[in-house]
Amino acid sequence: MTADTILEVRGLRTYFFLRRGVLKAVDGVSFSLRKGEVLGLVGESGCGKSLTALSVMRLLPKGSARTVEGQVVLDGEDILTKSLNEMRTVRGRKISMVLQDPQTSLNPVFTIGNQLREAIVRRFKGSRAELDRESIQALRHVEIAAPEQRIGQFPHQMSGGMKQRVVGAIAISGKPEVLIADEPTTALDVTIQLQYLKLLKRLQRETGMAILFITHDFGVVARMCDRVAVMYAGRIVECGPVRQVFDNPSHPYTQALIASVPKMEGTDGRLRTIEGQPPSLMNLPVGCRFADRCAFADERCREAYPGTYQVGADHTADCWRLAP
Amino acid sequence: MQRYIVHRLLQGLVLLFMVATIVFFLGRLTGNPVDLMLPEEATAEDRQAMIQALGLDGSVYEQFVIFITNAFRGDLGMSIRMRQPAVDAFFDRLPNTLAIIPWALLMAMAIGIPLGVVAALNRGNFIDRLAGGIGVLGIAMPSFWLGIILIFVFSVELGWLPSGRMGGPEHYVLPVITLGAFLVAGFMRLIRSSMLEVMESEFVKLARIKGLSEWVVIWKHCLRNALIPVLTLWGVFVGNLITGAIVTETVFAWPGVGRLTYEAVIYRDFPLLQAVIILKAILILSINLLVDILYAYVDPRIRLS
């Protein structure tokens, strides 16, 4: 852990304990997030991206899901060992999150102003008028027009894009050092997506917060992120600076993912896909999880999980072909 | 909004007509009230005179047409036993029933809602089952039994509370408990299931992300949303209370419309019974309309149309 690391996740394992068996949704995830950087976490649906985020926030769905192992070191403290009460003081203030679906992220029966004040009052104890002023300021900050009117409105009176801006305003109103954005643009119209990404980028530059940006879209990664971690079947298989990972993808899964991004020019009109299915998270292979879909797989890949090997400066991948 | 209300009122009118029809013909099925009203030594002439006086000499259909026509003018006939217009008899007693219904509703909510929240928070464990048990107890105990037990314990044995009749606040305690008890489970189950649903929603997650205390998350963000379906059923619950008042008021000798209904039945005072049922139907319809209008204020997403 270097001095500029703000969040470090080590060996995180979050399992679902179901009647049918144990579902290893997050199975040994490690990464670090540096102050002021944007780290992309990419992977297909069901690979454990969102669950990694929820494990870090300690907001796992009640009941069957549990983090069984690992450390989440935020600003020098392992927050997995904190009590739920201590965790409350961390959430919103040190680490916050933007959820995927703006349509359901805001409470339908309270005004925007009410929901913003709740968040703002945690760092700034003031009178109602002062809090309203802060709320208006927060809305203006996320580029919402006529914020004076908006604070008295209910979520259903706003568009999806606007709601997601409000969610953003709420999430950062405690001035957190780390923001987790879990596919914040997936539910938005394409034209609104770009605006939202630009807004996030601007906010990140202004506040200097670090962002863990979860997405399945490599295009978004290229636009938003400094570094990227590629996740497959509950593990991070490759991690490095965006440019390097794009130019020199070293894990066969990353290669296949990048190859399957549709391009405008030079194609035969076909969309590329990755053959096969990811392994069942209930019954994971002992070896490399991608082996069954990998063109380069051999005996070694099926016998044991590879180590994490250095590909370049700050660029690693979990693949036997990189073993020295 | 206005169109909606007019539409609902017209619907209500159709419904009332159906209620009136059913009540009228069902009442005729119970036999001729004249036999019950005359002393045993009455002659055939006495009987004929009474039938004529009560307008029972025409065919059932003629009687029905007269009944409906008068009903539209607000005349639901004379009570046979009380010798006063049935409508007046009803409205004389109504305030007494309305004096206990809100308290019974309030009591049922004050117990049922927290019980439902606690049950949802402890889903599947001992506390959940205990809360469910308390709720079911309210349904399982028939009000005539609960009422009598309460009178036995608190009036007869302990002598703390009066056993019946209207009076000061102490007279309200036992009837209100008896009347409200069977709604506790309704509120509890409704709140429990809607809380379980709401607690899974994304906005609750965002509330936690903000770092709000569990107390605020549960009792503000979750409960306010979980209360919406409760309001929908308010109309039904108030209807239940009006019906439930028949037994409770009879047990506690409470001079309300419930007891009036009971009296109308046992004395076969069919004009009164018809009037009571139709007026109760109007009451329940109005409450339901009121609840639907109120609904639009509680849930800002609803706009009546």
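The values are calculated or read from the model by the stated rules, or taken from the named source; none is laboratory data. Quick caveat: nothing in here was measured; it's all calculated off a predicted structure. So basically every Cβ, Gly included, is an ideal-geometry build from the backbone, and we count neighbours across all protein chains shown. When the accessible area is computed, the model is the full protein with side chains, heavy atoms only, and any ligands, DNA or RNA have been set aside. Shrake-Rupley method; radii C 1.70, N 1.55, O 1.52, S 1.80 Å.
Descriptive notes on the structure:
- Test: residue in region B:202-214 that is in contact (Cβ under 8 Å) with a residue 60 or more places away in the chain, within 11 Å of another protein chain (Cβ to nearest Cβ) and open to solvent by less than 50 Å² (accessible area, probe 1.4 Å): no
- Test result for B:L98, within 24 Å of the chain's Cα centre (by Cα) and open to solvent by less than 40 Å² (accessible area, probe 1.4 Å): no
- Selection status of B:V238, part of a helix (DSSP H, G or I) and free of Cβ contacts under 8 Å to residues at least 60 places away in the same chain: no
- Subset of region A:18-33 (residues that are in a strand (DSSP E or B) and out of contact with any Gly (no Cβ under 9 Å at 6 or more places or on another chain)): A:L18, A:G21, A:V22, A:L23, A:F31, A:S32, A:L33
- Test set (1) touching a helix residue (DSSP H, G or I) at 6+ places or on another chain (Cβ under 7 Å); (2) exposed (fewer than 12 other Cβ atoms within 10 Å of the Cβ) - B:F24 fails condition number: (2)
- Selection status of A:V29, at pLDDT 90 or above and within 9 Å of chain B (Cβ to nearest Cβ): no
- For region B:125-136, the condition of being in the same structural domain as B:T261 (by TED's automatic domain parsing) and within 27 Å of B:L260 (Cβ to Cβ) holds for none of the residues.
- Any hit, region A:66-80, residues being within 8 Å of another protein chain (Cβ to nearest Cβ) and surrounded by fewer than 16 Cβ atoms within 10 Å (Cβ to Cβ): no
- Total residues in region A:86-105, condition touching a residue at least 60 places away in the same chain (Cβ under 8 Å), more than 8 Å from every other protein chain (Cβ to nearest Cβ) and assigned to a helix (DSSP H, G or I): 2
- Output for region B:1-59, where each listed residue is charged (D, E, K, R) and over 32 Å from the mean Cα position of the chain (by Cα): B:D35, B:E40, B:E41, B:E45, B:D46, B:R47, B:D57
- Condition check for A:P108: open to solvent by 10 Å² or more (accessible area, probe 1.4 Å), within 30 Å of B:V198 (Cα to Cα) and touching a residue at least 24 places away in the same chain (Cβ under 8 Å): yes
Residue by residue, here is whether (1) aromatic (F, W, Y); (2) closer than 30 Å to A:Q103 by Cα holds:
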{"residue": "B:L115", "(1), (2)": "no, no"}
{"residue": "B:F126", "(1), (2)": "yes, no"}
{"residue": "B:R129", "(1), (2)": "no, no"}
{"residue": "B:A140", "(1), (2)": "no, no"}
{"residue": "B:S143", "(1), (2)": "no, no"}
{"residue": "B:L179", "(1), (2)": "no, no"}
{"residue": "B:F187", "(1), (2)": "yes, yes"}
{"residue": "B:E202", "(1), (2)": "no, yes"}
{"residue": "B:K210", "(1), (2)": "no, yes"}
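- All positions within region B:47-89 that are touching a residue at least 24 places away in the same chain (Cβ under 8 Å) and open to solvent by 70 Å² or more (accessible area, probe 1.4 Å): B:M78, B:R81
- Taking the criterion of being within 10 Å of A:G40 (Cα to Cα) and crowded, with 22+ Cβ neighbours inside 10 Å, the residues of region A:209-219 that qualify are A:I211, A:L212, A:F213, A:I214, A:T215.
- Among the criteria (1) more than 11 Å from chain B (Cβ to nearest Cβ); (2) farther than 15 Å from B:G211 by Cα; (3) not in a helix (DSSP H, G or I), the one A:F110 does not fulfil is (1).
- Taking region A:161-266 and the helices (runs of 4 or more DSSP H) fully enclosed by it, no element has 3 or more residues that are within 14 Å of chain B (Cβ to nearest Cβ).
Results for (1) within 14 Å of chain A (Cβ to nearest Cβ); (2) among the aliphatic types (A, V, I, L, M); (3) open to solvent by 10 Å² or more (accessible area, probe 1.4 Å), shown as yes or no for each residue.
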{"site": "B:I177", "(1), (2), (3)": "no, yes, yes"}
{"site": "B:L183", "(1), (2), (3)": "no, yes, no"}
{"site": "B:C222", "(1), (2), (3)": "yes, no, no"}
{"site": "B:G244", "(1), (2), (3)": "no, no, yes"}
{"site": "B:V247", "(1), (2), (3)": "no, yes, yes"}
{"site": "B:A253", "(1), (2), (3)": "no, yes, yes"}
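- Test: residue in region A:285-300 that is open to solvent by 60 Å² or more (accessible area, probe 1.4 Å) and at positive phi: no
- Matching residues in region B:60-79 - criterion: being assigned to a loop (DSSP other than H, G, I, E, B) and more than 25 Å from the chain's Cα centre (by Cα): B:R73
- Matching residues in region B:255-305 - criterion: being in a helix (DSSP H, G or I) and of a type in the set (S, T, Y): B:T261, B:Y262, B:S286, B:Y295, B:Y297
- Filter result for B:S194 (open to solvent by 30 Å² or more (accessible area, probe 1.4 Å) and either at the interface with chain A (Cβ under 8 Å from one of its Cβ atoms) or of a type in the set (G, A, S) (or both)): no
- Members of region A:121-158 that are more than 13 Å from chain B (Cβ to nearest Cβ), within 20 Å of A:L194 (Cα to Cα), open to solvent by less than 60 Å² (accessible area, probe 1.4 Å) and without any contact (Cβ under 8 Å) to a residue 60 or more places away in the chain: A:L139, A:I144
- Checked against the criterion of being of a type outside the set (S, T, Y), surrounded by 16 or more Cβ atoms within 10 Å (Cβ to Cβ) and under 28 Å from the mean Cα position of the chain (by Cα), the candidates B:G168, B:G164 yield just one match: B:G164.
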